[in-house]
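The values are calculated or read from the model by the stated rules, or taken from the named source; none is laboratory data. In this text, all values refer to a predicted model and were calculated from it rather than measured experimentally. Every residue, glycine as well, gets a Cβ built from its backbone with ideal geometry; the counts of neighbours run over all protein chains shown. The accessibility values were calculated without ligands, DNA or RNA, using every heavy atom of the protein model including side chains. Shrake-Rupley method; radii C 1.70, N 1.55, O 1.52, S 1.80 Å.
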Amino acid sequence: MANHKSALKRIRRNEAARVRNKYQHKTMRNALKKLRSEEDKKSAETMLPIVISMLDRLAKRNIIHANKASNLKSKLAKQVAAL
């Protein structure tokens with residue numbers, strides 16, 4: 001166990017960040033799943049910018065890697081265009 005006051009604070013902050021990142025990552029995965037399962041082209045086209053924005057935000061905050069975000073955006077754009 002940590003002995004310093006600052007180390008105890010760091011443990012608390014790390015746990016809070018871990019929970020927040022986990023929530024945001026799970027929300028992103030759910031949005032991707034919902035978009036991939038969409039059959040209607042019109043609703044998929046309205047959902048795509050929202051999901052792309054979410055991916056960009058997560059990449060900016062280093063919750064997911066920037067290249068992973070780019071790959072996902074590319075695949076989703078191709079899929080929506082093919083509907």
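With the largest listed first and rounded to whole Å, the semi-axes of the equivalent ellipsoid of the chain from the Cα gyration tensor are 36, 12, 8.
Computed from backbone phi, the HN-Hα couplings of region 67-83 come to 5, 5, 4, 5, 4, 5, 4, 5, 5, 5, 4, 5, 5, 5, 5, 7, 5 Hz, rounded to whole numbers (Karplus: 6.51 cos²θ - 1.76 cosθ + 1.60, θ = phi - 60°; Gly and Pro given as x).
Just to check I understand the Karplus step: with θ = phi - 60° and J = 6.51 cos²θ - 1.76 cosθ + 1.60, what whole-Hz values come out for region 24-31, glycine and proline as x? Couplings: 5, 5, 5, 4, 5, 4, 5, 5 Hz. The loop-placed trypsin sites (Lys or Arg not before Pro) in region 22-83, going by DSSP, that have at most 15 neighbouring Cβ atoms within 10 Å of their Cβ come out as ARG61.
LYS42: which lysines have alpha carbons under 23 Å from its alpha carbon, excluding same-chain residues fewer than 8 sequence positions away? Qualifying lysines at Cα under 23 Å: LYS33, LYS34, LYS73, LYS75, LYS78.
Farthest toward the dipole's positive end in the chain, which of LEU55, MET28, ASN14, given Cβ charges of +1 (Lys, Arg) and -1 (Asp, Glu) about the Cα centre? So the residue we want is ASN14. Taking every alpha-carbon pair under 8 Å whose residues sit at least 6 apart, the chain reaches a relative contact order of 29 percent. Comparing mean-square fluctuations of ALA17, ALA66, ALA44 from a GNM of the chain with C-alpha springs under 10 Å, the top value falls on ALA17.
The mean accessible area for residues of the chain, using a 1.4 Å probe and ignoring ligands and nucleic acids, is 77 Å² per residue.
The accessible surface of the chain, taken with every protein chain in place and a 1.4 Å probe, is 54 percent carbon and sulfur.
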